[in-house]
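Worksheet: one structure, shown below.
The values are calculated or read from the model by the stated rules, or taken from the named source; none is laboratory data. Note that the structure is predicted; figures quoted are calculated from it, not measured. Every residue, glycine as well, gets a Cβ built from its backbone with ideal geometry; the counts of neighbours run over all protein chains shown. For the accessible areas, the whole protein counts, side chains as well, though only heavy atoms, and no ligand, DNA or RNA atoms are used. Shrake-Rupley method; radii C 1.70, N 1.55, O 1.52, S 1.80 Å.
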Amino acid sequence: MYTKKVMDHFQNPRNMGEIEDPSGVGTVGNAKCGDIMRIYLDIKDDVIQDVKFKTFGCGAAVATSSMATELVKGKTVIEAMEVTNKAVMEALDGLPRAKVHCSLLAEEALQAALWDYAKKNGIVIEGLEEPKPFEDHEEEEEEEEEEF
């Protein structure tokens with residue numbers, strides 16, 4: 001059962017979309033469930049001025065992406081580093097056990113976007129680790145010959 005906050009962020013997602021010429025972009029996915037999240041950051045003077053997301057996945061994936069963006073907007077890069085999957089779940093008043101991985105993806109997408117920002121600007125953010133590479137595989141359609 002989803003909480004009212006999860007349903008609200010799923011039905012009325014905040015910060016959905018993308019940012020042109022972002023300061024950092026992070027894309028993560030979970031092959032097990034098929035969710036893919038991409039977070040875009042616009043950072044000026046070490047403060048997240050704007051943040052957007054695009055998520056392909058279940059309602060919990062959309063809700064956790066939405067909440068994660070709300071939690072980091074207006075924060076410094078260091079403050080954004082403190083936004084964990086636990087913080088996202090708490091802000092949503094919880095998630096069903098089977099959907100906890102969605103909050104982990106939200107944290108990982110945010111961390112990946114911060115990593116991209118740091119890499120683009122040649123800076124080191126204390127405690128930030130390089131994300132696992134994400135490869136956007138498009139399934140190749142194999143034409144099957146029909147036998148008659």
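So S23 passes all but one of these: (1) in contact with a Leu (Cβ under 8 Å, 6 or more places away or on another chain); (2) of a type in the set (S, T, N, Q); (3) open to solvent by 40 Å² or more (accessible area, probe 1.4 Å). Which condition number does it fail?
(3) is the only condition that S23 fails.
Can M67 be described as among the hydrophobic types (A, V, I, L, M, F, W, C), open to solvent by 40 Å² or more (accessible area, probe 1.4 Å), in a helix (DSSP H, G or I) and at pLDDT 95 or above?
Considered against the rule, which asks whether it is among the hydrophobic types (A, V, I, L, M, F, W, C), open to solvent by 40 Å² or more (accessible area, probe 1.4 Å), in a helix (DSSP H, G or I) and at pLDDT 95 or above, M67 comes out as no.
Which numbered condition in (1) open to solvent by 80 Å² or more (accessible area, probe 1.4 Å); (2) within 20 Å of D116 (Cα to Cα); (3) assigned to a loop (DSSP other than H, G, I, E, B); (4) of a type outside the set (A, V, I, L, M, F, W, C) is the only one that Q49 fails?
Among (1) open to solvent by 80 Å² or more (accessible area, probe 1.4 Å); (2) within 20 Å of D116 (Cα to Cα); (3) assigned to a loop (DSSP other than H, G, I, E, B); (4) of a type outside the set (A, V, I, L, M, F, W, C), the lone unmet condition for Q49 is (3).
Could you tell me which of the residues G29, G74 is more than 22 Å from I123 (Cβ to Cβ) and either in a loop (DSSP other than H, G, I, E, B) or under 14 Å from the mean Cα position of the chain (by Cα) (or both)?
Exactly one residue qualifies, and that residue is G29.
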